[in-house]
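Notes follow once the structure below has been shown.
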Amino acid sequence: MSEHHDNRLDGIAVFFSGTCMLHCLILPMMVTLFPIIQSSLLEEKYFHLIMLVFILPTSLIALSLGCRRHKDQITVALGTIGLVILSVTAVWGHSLFGFTGERIVTTIGGLILASAHIQNYRCCQHADCEHEE
């Protein structure tokens, strides 16, 4: 896989994390203003599980390819922590943290994961990784 392609994977993963954060921050306002938009797809549990299906593989591939080359432990730690937080919150967040807590914890997990991808991107730029083996 080329470096350019991996950089896109990091960008896509940051986009997915950002989408989760926007959903958590904007949905309550949108539902209040436009009650018609309530649907099962937009419900917290389903939305987070659906996003997790996209986030997990994209993040695992992007971070694995980069970290295999540059071996940056900060990237590995941030990626692992972010993915664990998002996974736990997607599955058990509402019962563990309540409605507001779930949003806060998801946002924190998304920020941590986005930081991992940004760190991965920077390390790849610095190390001039090709990610080809």
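May I ask you to list pairs of residues, at least six apart or on different chains, whose Cβ atoms are under 9 Å apart, with the first in the stretch 11-25 being at pLDDT below 70 and part of a helix (DSSP H, G or I) and the second being surrounded by fewer than 20 Cβ atoms within 10 Å (Cβ to Cβ) and among the β-branched types (Val, Ile, Thr)?
Close Cβ pairs satisfying both conditions: Cys20/Thr107; Met21/Thr107; Cys24/Ile104; Cys24/Thr107; Leu25/Thr107.
Quick one: which residue in Val88, Val105, Val76 is under 21 Å from Tyr121 (Cα atoms), at pLDDT 90 or above, of a type in the set (Val, Ile, Thr) and within 16 Å of the chain's Cα centre (by Cα)? Outline the logic, then answer.
Details: Val88 fails: under 21 Å from Tyr121 (Cα atoms); Val105 fails: under 21 Å from Tyr121 (Cα atoms).
Only one candidate passes the filter, namely Val76.
Residues of the stretch 67-81 being more than 14 Å from Ser115 (Cα to Cα) and either touching a residue at least 60 places away in the same chain (Cβ under 8 Å) or β-branched (Val, Ile, Thr) (or both), which ones?
If the condition is that a residue be more than 14 Å from Ser115 (Cα to Cα) and either touching a residue at least 60 places away in the same chain (Cβ under 8 Å) or β-branched (Val, Ile, Thr) (or both), then Arg68, Arg69 are the ones that fit.
Specify the residue that is modelled with the lowest pLDDT; the eligible residues are those in the stretch 108-133 that are more than 14 Å from Asp10 (Cα to Cα) and of a type outside the set (D, E, K, R).
Ranking the qualifying residues of the stretch 108-133, first place goes to Ala127.
The values are calculated or read from the model by the stated rules, or taken from the named source; none is laboratory data. Every value quoted in this text rests on a predicted model; they were computed, and no experiment measured them. Glycine also receives a Cβ, built like all others from the backbone with ideal geometry; neighbour counts cover every protein chain displayed.
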